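Trainee: Below you will find the structure I want to go over with you.
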Amino acid sequence: MLIHDMTSREGEAPDAVELTPLSSYEGTLSSRVYLSLKDAILSLAYQPGQILRKGDICDQLGISRSPVSEAVTRLAADGLVNVVPQAGTFVARFSMEEIREGAFLREALELAAVEQVASTITKSQVTLLRRNLRVQQAFVEDLDVQGFYKLDTEMHNLILGFTNYRRLAAMAETSWLQVNRARQLILPNPNRVSDTLEEHRAIVDALEARDPEGARQATKFHLSQLLRHLEAVERDRPDLFAQS
């Protein structure tokens, strides 16, 4: 299984992390700092157990410590960092308990969504999903994992949006946060990316056929594969995971 090489140990001086410029985001200064740090954590640019040095972040982004501290408070509330008094702020290690809980919540939301959408989907909505799949295929052929990852997220959000429940996508994203970060461990595996594309096709095929049970089963299988791969990573690299 191909996973990111993570060899840093907690407390060691981290490699320099290039943060996304704040100009790429909207909102208040502290919100933009939060989003930049969050993206770096979710993409594994910051590795589990790695220390966040506020001074380095301030220097790189050209800001004072106050918005960085506010951003760190939000990241701690998300469960993405651990603030240890007198020691520093560390990127949280993965927790299989939190990953399983997030996967459970996301599955409940998505299964309900695809069942409903399978009964109401329109031709224009099918066209959007098919177009998304074509771009996914292009990213697979180009070996562009991050591009594929973005289209993967877009496809799931399209389906959730087709329910017309405005808060559903945000709820799903919140429940999926820890899983999203952990799945970066397996995305570099080209076989997993290709398999994911085929799983997506099965979901869209069932939706186009207006088959609620088929859409439900295809989605359930798709989501279960991710958890199965992550459990294998936990066995291979226990150092990346918090110990119960």
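The values are calculated or read from the model by the stated rules, or taken from the named source; none is laboratory data. Owing to the predicted nature of the structure, the values given are computational and were not obtained by experimental measurement. Reconstructed Cβ throughout: ideal geometry from the backbone, glycine too, with neighbour counts over all protein chains shown.
Trainee: Report whether or not Arg216 is in a helix (DSSP H, G or I), modelled with pLDDT under 95, crowded, with 19+ Cβ neighbours inside 10 Å and not acidic (Asp, Glu).
Mentor: No; evaluated as a whole, the condition is false for this residue.
Trainee: Go over the candidates Leu75, Leu105, Leu109, Leu129 one by one and state the one that is under 30 Å from Ala209 (Cβ atoms), within 17 Å of the chain's Cα centre (by Cα), buried (at least 17 other Cβ atoms within 10 Å of the Cβ) and not aromatic (Phe, Trp, Tyr).
Mentor: Leu109
Trainee: For segment 77-100, which residues satisfy the criterion of being over 15 Å from Gly49 (Cβ atoms) and without any contact (Cβ under 8 Å) to a residue 40 or more places away in the chain?
Mentor: Listed by number, the residues that qualify are Ala77, Pro85, Gln86.
Trainee: Of these, Leu197, Leu227, which one is in a helix (DSSP H, G or I) and either acidic (Asp, Glu) or modelled with pLDDT of 90 or more (or both)?
Mentor: Testing whether each residue is in a helix (DSSP H, G or I) and either acidic (Asp, Glu) or modelled with pLDDT of 90 or more (or both) leaves just Leu197.
Trainee: If a residue must be farther than 16 Å from Pro21 by Cα and either of a type outside the set (Asp, Glu) or not in a helix (DSSP H, G or I) (or both), how many such residues does segment 55-78 contain?
Mentor: 10
Trainee: State all residues of segment 172-209 that are of a type in the set (Lys, Arg) and either buried (at least 19 other Cβ atoms within 10 Å of the Cβ) or farther than 16 Å from Leu158 by Cα (or both); if no residue qualifies, say none.
Mentor: Hits for segment 172-209 are Arg181, Arg183, Arg192.
Trainee: So Ser69 passes all but one of these: (1) surrounded by fewer than 18 Cβ atoms within 10 Å (Cβ to Cβ); (2) closer than 13 Å to Arg181 by Cα. Which condition number does it fail?
Mentor: (2)
Trainee: When you check Leu177 against the structure, is it of a type in the set (A, V, I, L, M, F, W, C), closer than 30 Å to Pro212 by Cα, in contact with an Asp or Glu (Cβ under 9 Å, 6 or more places away or on another chain) and in contact (Cβ under 8 Å) with a residue 60 or more places away in the chain, yes or no?
Mentor: yes
Conditions (1) more than 26 Å from Ala40 (Cα to Cα); (2) outside the structural domain of Gly49 (by TED's automatic domain parsing); (3) of a type in the set (Gly, Ala, Ser), marked per residue:
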{"residue": "Ile186", "(1), (2), (3)": "no, yes, no"}
{"residue": "Asn189", "(1), (2), (3)": "no, yes, no"}
{"residue": "Glu198", "(1), (2), (3)": "yes, yes, no"}
{"residue": "Ala202", "(1), (2), (3)": "yes, yes, yes"}
{"residue": "Asp211", "(1), (2), (3)": "yes, yes, no"}
{"residue": "Gln225", "(1), (2), (3)": "no, yes, no"}
{"residue": "Asp236", "(1), (2), (3)": "no, yes, no"}
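Trainee: Looking at segment 175-184, can you tell me whether even one residue there is in contact with a strand residue (DSSP E or B) (Cβ under 6 Å, 6 or more places away or on another chain) and either farther than 21 Å from Arg237 by Cβ or in a helix (DSSP H, G or I) (or both)?
Mentor: Taking every residue of segment 175-184 in turn, at least one turns out to be in contact with a strand residue (DSSP E or B) (Cβ under 6 Å, 6 or more places away or on another chain) and either farther than 21 Å from Arg237 by Cβ or in a helix (DSSP H, G or I) (or both).
To keep it simple, each residue is scored yes or no on (1) out of contact with any helix residue (DSSP H, G or I) (no Cβ under 7 Å at 6 or more places or on another chain); (2) more than 20 Å from Leu185 (Cα to Cα); (3) of a type outside the set (Val, Ile, Thr); (4) in the same structural domain as Asn82 (by TED's automatic domain parsing).
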position: Ser30; (1), (2), (3), (4): no, yes, yes, yes
position: Leu35; (1), (2), (3), (4): yes, yes, yes, yes
position: Asp39; (1), (2), (3), (4): yes, no, yes, yes
position: Leu44; (1), (2), (3), (4): no, no, yes, yes
position: Cys58; (1), (2), (3), (4): no, yes, yes, yes
position: Gly62; (1), (2), (3), (4): yes, yes, yes, yes
position: Pro67; (1), (2), (3), (4): no, yes, yes, yes
